[in-house]
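The values are calculated or read from the model by the stated rules, or taken from the named source; none is laboratory data. None of the values given here were measured: they were computed from a predicted structure. Please note: Cβ atoms are built from the backbone with ideal geometry, for glycine as well, and neighbour counts cover all protein chains shown.
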Amino acid sequence: MKILGIDTSGYTNAVGVVDGDRVLADFKFTTKNDSLEKIVAHIDSTLKEARLTLEDMEGFGVGLGPGSWTGIRVGVTVAKILAYSAGRPVAGVPTLEVLAYMAGKAAGLICPIIDAGAGGTIYAAFYRMGNGAVHRTSEYYVGDVPGLAGRVKEPVTLTGLGAQDYRWLIGQVVGSSVSIKAKEETPGGAAVAWLAKVRLACGEDDDVLSLTPLYLKESTARAFRNKYARTGSTEN
């Protein structure tokens with residue numbers, strides 16, 4: 001199944017193509033002024049690297065955020081346009097899930113973190129890998145780093161941009177009693193495509209007209225507790 005995945009939730013655009021379990025192309029492009037023209041150009045160059053065309057795609061995946069409000073809208077809009085015009089299904093994937101998946105074979109708890117860009121607020125959640133898939137095991141967290149640290153009760157791998165800094169900050173709160181590892185990452189296009197492929201293979205595509213970004217605010221984070229979850233949610 002050939003899937004094109006894109007993520008524009010941060011200052012790095014990501015575009016990738018997978019075919020089954022093979023990664024055909026996977027690129028990241030730094031940008032501070034997201035535009036439809038730029039992401040379309042990135043998609044074109046990525047498809048050329050994969051030696052495929054849009055007509056070859058059997059589906060599309062897009063990172064839903066949280067992240068840059070403007071950036072996410074660009075990516076979701078492009079994915080909807082591509083899916084609608086090509087008559088192919090589209091699947092949205094939470095960007096935190098993408099980061100968790102990119103932690104690879106990390107054992108135990110995985111905690112992706114995204115800077116909300118204001119007042120020291122972060123977005124996070126806890127995940128575990130199992131049977132080749134990533135499963136969210138907590139509700140989404142929106143708050144400060146000390147608040148997140150209070151939820152760390154067992155060894156954890158932090159992932160995301162700034163993961164090393166968050167490792168130090170959380171370590172100051174939990175002390176040496178809990179092992180904390182860190183893996184610096186930004187969302188990858190191939191990871192988005194692979195996670196979208198899993199959803200699409202299960203018939204879990206999104207309505208192309210109603211698909212919207214995943215915006216998390218501290219007052220409404222609880223409302224998204226089970227949104228896009230592949231397993232039941234339990235608090236950490």
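For region 5-53, the tally of residues that are touching a helix residue (DSSP H, G or I) at 6+ places or on another chain (Cβ under 7 Å) and among the acidic types (Asp, Glu) stands at 3.
Could you list, in sequence order, all residues of region 81-117 that are of a type in the set (A, V, I, L, M, F, W, C), touching a Phe, Trp or Tyr at 6+ places or on another chain (Cβ under 7 Å) and under 16 Å from residue 216 (Cα atoms)?
Pass one, region 81-117, residues of a type in the set (A, V, I, L, M, F, W, C): 81-83, 86, 90-91, 93, 96, 98-100, 102-103, 106-107, 109-111, 113-114, 116.
Retained after the next criterion (residues that are touching a Phe, Trp or Tyr at 6+ places or on another chain (Cβ under 7 Å)): 82-83, 90, 96, 100, 109-111, 113-114, 116.
The answer is 96, 113, 114, 116.
Selection of region 214-233 for residues being touching a strand residue (DSSP E or B) at 6+ places or on another chain (Cβ under 8 Å) and either modelled with pLDDT of 95 or more or not charged (D, E, K, R) (or both) yields 214, 216, 221, 228, 229, 231, 233. For residue 174, the criteria (1) touching a His at 6+ places or on another chain (Cβ under 8 Å); (2) at pLDDT below 95 hold in every case but one, which is (1).
Would you pick out the residues in region 7-57 that are part of a loop (DSSP other than H, G, I, E, B) and of a type in the set (D, E, K, R)? Full working, then the answer.
Taking region 7-57 as the starting set, the residues that turn out to be part of a loop (DSSP other than H, G, I, E, B) are 8-11, 20-21, 31-35, 51-53, 57.
Across region 7-57, the qualifying residues are 21, 32, 34, 51.
For the residues 50, 14, the requirement of being crowded, with 17+ Cβ neighbours inside 10 Å and closer than 29 Å to residue 125 by Cβ singles out 14.
The C-beta contact set for region 118-134 (first residue touching a residue at least 12 places away in the same chain (Cβ under 8 Å) and among the small types (Gly, Ala, Ser), second residue surrounded by 10 or more Cβ atoms within 10 Å (Cβ to Cβ) and not in a strand (DSSP E or B), distance under 6 angstrom, 6+ apart or interchain) comprises 120/144; 124/148; 125/96; 125/138; 125/140.
What about residue 60, is it in a strand (DSSP E or B), hydrophobic (A, V, I, L, M, F, W, C), surrounded by 14 or more Cβ atoms within 10 Å (Cβ to Cβ) and in contact with a Leu (Cβ under 6 Å, 6 or more places away or on another chain)? Can you show your working first?
Values: in a strand (DSSP E or B): yes; hydrophobic (A, V, I, L, M, F, W, C): yes; surrounded by 14 or more Cβ atoms within 10 Å (Cβ to Cβ): yes; in contact with a Leu (Cβ under 6 Å, 6 or more places away or on another chain): yes.
The answer is yes for residue 60.
When you look at residue 204, is it in a loop (DSSP other than H, G, I, E, B) and farther than 23 Å from residue 6 by Cβ, yes or no? Against the criterion (in a loop (DSSP other than H, G, I, E, B) and farther than 23 Å from residue 6 by Cβ), residue 204 does not qualify. Scanning region 177-198 for residues that are buried (at least 21 other Cβ atoms within 10 Å of the Cβ) and of a type in the set (Lys, Arg) yields one hit, 197.
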